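The values are calculated or read from the model by the stated rules, or taken from the named source; none is laboratory data. It should be emphasised that the depicted structure is a prediction, and the values quoted were computed from it without experimental measurement. Here Cβ is always computed from backbone atoms with ideal geometry, including for glycine, and neighbour counts include all displayed protein chains.
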Amino acid sequence: MLTRTTLAFALLVLTALCGVSGNVYAAQGTIEEVIVTAERREVNLQSVPVAVTAFTGEEMDAQGIVDIKGITERTPGFTMGVFNPGQPQFYIRGIGSNEDGAGGDQSVIVFVDEVYIGRSAGSDFDLFDLERVEVLRGPQGTLFGKNVIGGAVSLISKKPTEETVMKFEGTVGNLDERSVRGLVSGELAENVYGKVSFSSRRRDGYVDSRIDEFPEFFPDTSVDDQHDINTDSIRTGLRLTPSDRLEINLTANYSTMDRAGPTYISIGPGGIPYNANASLDANYGDNIHKNFVEDPGSSETDIFGFTARFDYELTDSITFTSLTSFRNVDSEQDWPLSTPNLSALFVSGGAVPLYLIGNNNYTDESDTFTHEFRLTGGNDKLFWIGGLYYMREDTDRFETSSVGLLFAGGGGVPGNIPGIEPGDDQGNETTSYSIFGQFTYNITDDLAVTLGGRQSYDEKDITRVGTPSYLSANRNFNFKTGEDWDAFTGKFSLEWQATNDAFMYFTVSEGYKAGGFQGLAATELIAITPFDPEEATLYEIGAKTEWFDNRLRLNLAIFQTDYEDLQILQLLVEEAAPEGTGGQLITQNAANADIEGYELEFVIAPTDNLTISGSYTHLDTEFSDFFTPAGFRPPDGGAGTSGDRTGNDLRNAPDQAYNILARYRMDLSNGGTLTWQADWRHKDIVYQDPDVFEWAAVPEYDVLDLRVSYVWPNGNLETTLWSRNANDEEYFLHNWPLQGSGQATPAPPRTYGLTVTWQTN
């Protein structure tokens, strides 16, 4: 484990390293300069004291990145779970959230044009028409603020252009993949510029059911095309410059996603149905893209957003910014449980199997309003920023569940035994406001110090009406309660421009995540008892260097983060419950954690035509303290009942992960350009539960992507042949412990296709 003494020693080593940085030979640099706004101002990536990975829109196109999952695969320390379609779970350096309900928050926050996207369902959309994506790793509790305790994903859209720009793209591939994307931007009138962009993607699913192999039990039933893609998005922008000092940007967006699922593959000791009828034995070991399900269910999400931004230069050195947004996220999921995969109810030695059947359906709608005022200013010696932030989020979630028995009756016709149908209506009102400020003072031309702070206030009011689940049908909710929290988070950075090509920093940064209420609660006591906030302190040293006349870029971050009162979803039982009572999934402050490691990013351009880039991440995570919350105890027997998980690894924190991308460009005699690209990615095993069960983990995997692109001589037209997962690796996107087995989400098999892009010069 790294210690703070080790970090201090590493700082000395890096100092010496930067001191010898220099030029070996003179050559035209080929590594692109990237400008980021990680600190709310435009700064060269190589001069910002934050561990940040940035992708330009052009680079995402070149790598074939179309969604945030593609970003996670190429960013150090960034992982993504997909338990439910349209509801991603983001983790950075082992910190994230899988709380499911109206009263919980995420730990890694997506921002679109600096607007907070708090709901998980609202952060899964196609990436197109973007200037840049920035991933900031570690707590960002000063400038980004609310709940950014794990990190931030900042999506920056392209502004409407003064000149006319058009771009259109079409894709076809296997699994009947077809998509179109487009952009039109230009001047509408004097000092008025507009833009419209769109994206539409279709792809059949890659998981099929085996149910049609057993017509004697399920006649005239066939299920396929699970994990399909069906998305449409449109974005519009309007930029007005009525004077030299005022710029107004208005944006609106709408997207819709309609997918089959969720669908999982059961793995582990309880993952293969143990049934008396051998014909129904579903051994999935030879094909993870086969399962046994009567109905995959569905997931639908609609997102609408509007943003108004005003930037006014009060003086030559002071700018006032007003940022107002509204966002509506409406999602619905239908999750059938009618599958032998989830049942242990079989008649021993008999010819008539009994199966647990049921259905879980929920709708989740949230309206979020945010407003931020801020002032920025500075000169050669001092840069400063200060502001006020307000957010109001209203969320309503209605969930119904049913359960019963299905048996194969005479002649193979299923019969039903009616179950119970509880319904749970959750309403949550969150009000947040904060005041923040930060300044950077240049002590000398090469040495600077940054100080910042944020005072945050959060209030949540929750209502629950109904019956929480079929497991507690005799317990009805009808209450309203609330809680409020506040916290101060600070930041300190020392920055040293050692040479023109070497920048070093030391940062201490704090993060805070508000408390909340249970999304999954079977009793009123659990439902009305809030969990407390999380807190984090980050210690990080880093070096960002360029070598050999910008032929080599090498960035290193070494970090230690201390987390307190982590909000952990786990199986618990009320202390007064009778022996033998099954566990409930409850989020409680149950742990403290230490996270240490280092991240290395590099770009090498040995020739003008060859570029090699990549990253390497090492994480050492553990629960430094894991305790059973007061009033609860572990359940009696079953999975996930060890109680004390002190020393265990955190969720979604691979010990090692790396990627290497090689790109070679050939300039042809006809004026065209041919580019070859290979991208290899590796990720170690990641655990999905505090007990680190091997059967409820995502095993290690290696994936290879291939691309070859031809840009025609006129420069307007590009054709690309591509293959994702070209080595056809069988691996999982997510795994979750349930009923003694892992419920795993398989990743797509090998896919391939052709993309044609036309754009104006």
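Residues in region 413-438 that are hydrophobic (A, V, I, L, M, F, W, C) and modelled with pLDDT of 95 or more: 435, 436. Quick one: is residue 617 of a type in the set (Ser, Thr, Tyr) and either crowded, with 20+ Cβ neighbours inside 10 Å or modelled with pLDDT under 85 (or both)? Taking the combined requirement at face value, the residue satisfies it. No other residue among 502, 498, 514 is surrounded by 21 or more Cβ atoms within 10 Å (Cβ to Cβ), out of contact with any Pro (no Cβ under 9 Å at 6 or more places or on another chain) and either among the charged types (D, E, K, R) or more than 17 Å from residue 570 (Cβ to Cβ) (or both) apart from 502. Residues that are closer than 14 Å to residue 149 by Cα, of a type outside the set (D, E, K, R) and modelled with pLDDT under 95 do not occur anywhere in region 542-557.
When the criteria are applied in full, residue 319 meets the requirement of being touching a Gly at 6+ places or on another chain (Cβ under 8 Å), part of a strand (DSSP E or B), modelled with pLDDT of 70 or more and surrounded by fewer than 21 Cβ atoms within 10 Å (Cβ to Cβ).
Across region 72-93, the number of residues qualifying as in contact with a Lys or Arg (Cβ under 7 Å, 6 or more places away or on another chain) and modelled with pLDDT under 90 comes to 3. Residue count for region 667-703 under the criterion of being part of a strand (DSSP E or B), over 29 Å from residue 757 (Cα atoms) and of a type in the set (A, V, I, L, M): the result is 3. Taking the criterion of being without any contact (Cβ under 8 Å) to a residue 60 or more places away in the chain, within 27 Å of residue 94 (Cβ to Cβ) and part of a strand (DSSP E or B), would at least one residue in region 704-716 satisfy it? Checking region 704-716: at least one residue is without any contact (Cβ under 8 Å) to a residue 60 or more places away in the chain, within 27 Å of residue 94 (Cβ to Cβ) and part of a strand (DSSP E or B). Within region 590-623, the set of residues being of a type in the set (A, V, I, L, M) and part of a strand (DSSP E or B) comprises 590, 591, 593, 595, 600, 603, 604, 610, 612, 619. Count of region 127-166 residues, restricted to those that are more than 26 Å from residue 46 (Cβ to Cβ), in contact (Cβ under 8 Å) with a residue 60 or more places away in the chain and either basic (Lys, Arg) or in a loop (DSSP other than H, G, I, E, B) (or both), is 7. From the list 595, 528, 558, the one residue that fits, being β-branched (Val, Ile, Thr) and surrounded by fewer than 22 Cβ atoms within 10 Å (Cβ to Cβ), is 528.
For residue 576, the criteria (1) touching a residue at least 12 places away in the same chain (Cβ under 8 Å); (2) in a loop (DSSP other than H, G, I, E, B) hold in every case but one, which is (1). Going by the structure shown, is residue 367 modelled with pLDDT under 95, part of a strand (DSSP E or B) and touching a Ser or Thr at 6+ places or on another chain (Cβ under 7 Å)? In short, no. Would it be correct to say that residue 545 is surrounded by 20 or more Cβ atoms within 10 Å (Cβ to Cβ), touching a strand residue (DSSP E or B) at 6+ places or on another chain (Cβ under 9 Å) and under 26 Å from residue 626 (Cβ atoms)? When the stated conditions are applied, residue 545 does not pass them.
Checking the structure you have, find out if any residue of region 494-506 is within 26 Å of residue 389 (Cβ to Cβ), modelled with pLDDT of 95 or more and part of a strand (DSSP E or B). Yes, region 494-506 contains at least one residue that is within 26 Å of residue 389 (Cβ to Cβ), modelled with pLDDT of 95 or more and part of a strand (DSSP E or B).
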